[in-house]
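Peer 1: First, the structure itself, so that you have it in front of you.
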Amino acid sequence: AAHGHLVTLVFDQFVGPMAKQARQVSEKVLKVLPDEGYSIAVLNFGGRLRLMQPFTEDRKLVEKAIQVITDTNAMELTSTRSLEVNIVTDKAEPARAAFSKAAEKNLIAMARTGVDASGHNVDQTDRDHALILLNALEDEEKIAQEQHTYRTLAGLMGLVKAQQRAPERKAIIYITRNRDLDTAGKAMIKNIAAAATKASVTFYT
């Protein structure tokens, strides 16, 4: 398409071996995407939808964001009273949260002022792309509350709606741990699919 392509990579939170698998999957995806004409954003779910990398054609920046998301230093604590109760914490999470905070600060500056956090002016296309992601981040909580749904599904819906007016060809690639959904969750999946069709967004999971 003349206007290029927007690809949004979205990750669930992974720890241990599953984090390594998620990284391998994403590396395979990047290998099949052409180097030119494809702007890629990277986000993950860490309690909420978090930005790791705004849309960019710089693959090194994309790879760095994926590395931060999939870095893991899991520590498992087993209850002494019941061996069936395990608590897993990831010591890599503070670094991931700090990385996301910096990325979102930069995104807000780009979207609202047209100047990134380092003081450089961004072109209109980059600013439009920043607005897409900022709208998605801001709408997630509202969607979750209004539709009483999972934050992950609310985040996906927010990404779809935010991209509706973008002229590029659009795809969202969701790398997920998968989970059982209740009736409301399954209904939300159908709503997301319908919204994606309306917005011309292709989903891959």
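The values are calculated or read from the model by the stated rules, or taken from the named source; none is laboratory data. Given the structure is predicted, the values throughout are model-derived calculations rather than measurements. Cβ: placed from backbone, ideal geometry, glycine included. Neighbour counts: every protein chain shown. Each accessible area value is taken on the protein alone, full model and side chains, heavy atoms only, with ligands, DNA and RNA left out. Shrake-Rupley method; radii C 1.70, N 1.55, O 1.52, S 1.80 Å.
Peer 1: What do you reckon, is Arg127 charged (D, E, K, R) and over 20 Å from the mean Cα position of the chain (by Cα)?
Peer 2: no
Peer 1: Please list, ordered by first then second residue, the pairs with beta carbon atoms under 6 Å, 6 or more apart or interchain, first in segment 147-167 and in contact (Cβ under 8 Å) with a residue 60 or more places away in the chain and open to solvent by 10 Å² or more (accessible area, probe 1.4 Å), second part of a loop (DSSP other than H, G, I, E, B) and of a type outside the set (Val, Ile, Thr).
Peer 2: What qualifies is Arg151/Arg48; Pro167/His3.
Peer 1: Could I ask something else about it? Out of curiosity, is Thr202 in a helix (DSSP H, G or I), without any contact (Cβ under 8 Å) to a residue 60 or more places away in the chain and open to solvent by 60 Å² or more (accessible area, probe 1.4 Å)?
Peer 2: no
Peer 1: For a quick check of your reading of the model, give me the residue pairs whose first member lies in segment 6-27 and is over 30 Å from Asp128 (Cα atoms), whose second is acidic (Asp, Glu) and open to solvent by 10 Å² or more (accessible area, probe 1.4 Å), with beta-carbon atoms closer than 8 Å and at least 6 apart or on different chains.
Peer 2: Filtered contacts from segment 6-27: Val15/Asp90; Ala19/Asp71.
Peer 1: Return the residue satisfying two criteria in turn: it lies in segment 16-37 and is surrounded by 11 or more Cβ atoms within 10 Å (Cβ to Cβ) and basic (Lys, Arg), and of such residues it is modelled with the lowest pLDDT.
Peer 2: Lys20
Peer 1: Another one. Among the candidates Lys142, Lys170, Lys190, Lys186, which residue alone is open to solvent by less than 50 Å² (accessible area, probe 1.4 Å) and basic (Lys, Arg)?
Peer 2: Only one candidate qualifies: Lys170.
Peer 1: Anything in segment 152-172 that is over 13 Å from Ala196 (Cβ atoms) and in a helix (DSSP H, G or I)? List them, or say none.
Peer 2: Thr152, Ala154, Gly155
Peer 1: Of the residues that sit in segment 108-139 and are of a type in the set (A, V, I, L, M), part of a helix (DSSP H, G or I) and in contact with a Gly (Cβ under 8 Å, 6 or more places away or on another chain), which one is surrounded by the fewest Cβ atoms within 10 Å (Cβ to Cβ)?
Peer 2: The qualifying residue surrounded by the fewest Cβ atoms within 10 Å (Cβ to Cβ) is Leu137.
Peer 1: Name every residue in segment 1-15 that is at pLDDT 90 or above and assigned to a loop (DSSP other than H, G, I, E, B), in order of residue number.
Peer 2: Hits for segment 1-15 are Gly4, Asp12, Gln13, Phe14.
Peer 1: Being open to solvent by less than 10 Å² (accessible area, probe 1.4 Å) and in contact with an Asp or Glu (Cβ under 8 Å, 6 or more places away or on another chain) is the filter here; which residues of segment 1-15 pass it?
Peer 2: Once the filter is applied, which keeps residues that are open to solvent by less than 10 Å² (accessible area, probe 1.4 Å) and in contact with an Asp or Glu (Cβ under 8 Å, 6 or more places away or on another chain), segment 1-15 yields only Leu6.
Peer 1: Here is a follow-up. Would you say Thr183 is touching a helix residue (DSSP H, G or I) at 6+ places or on another chain (Cβ under 9 Å) and not hydrophobic (A, V, I, L, M, F, W, C)?
Peer 2: No.
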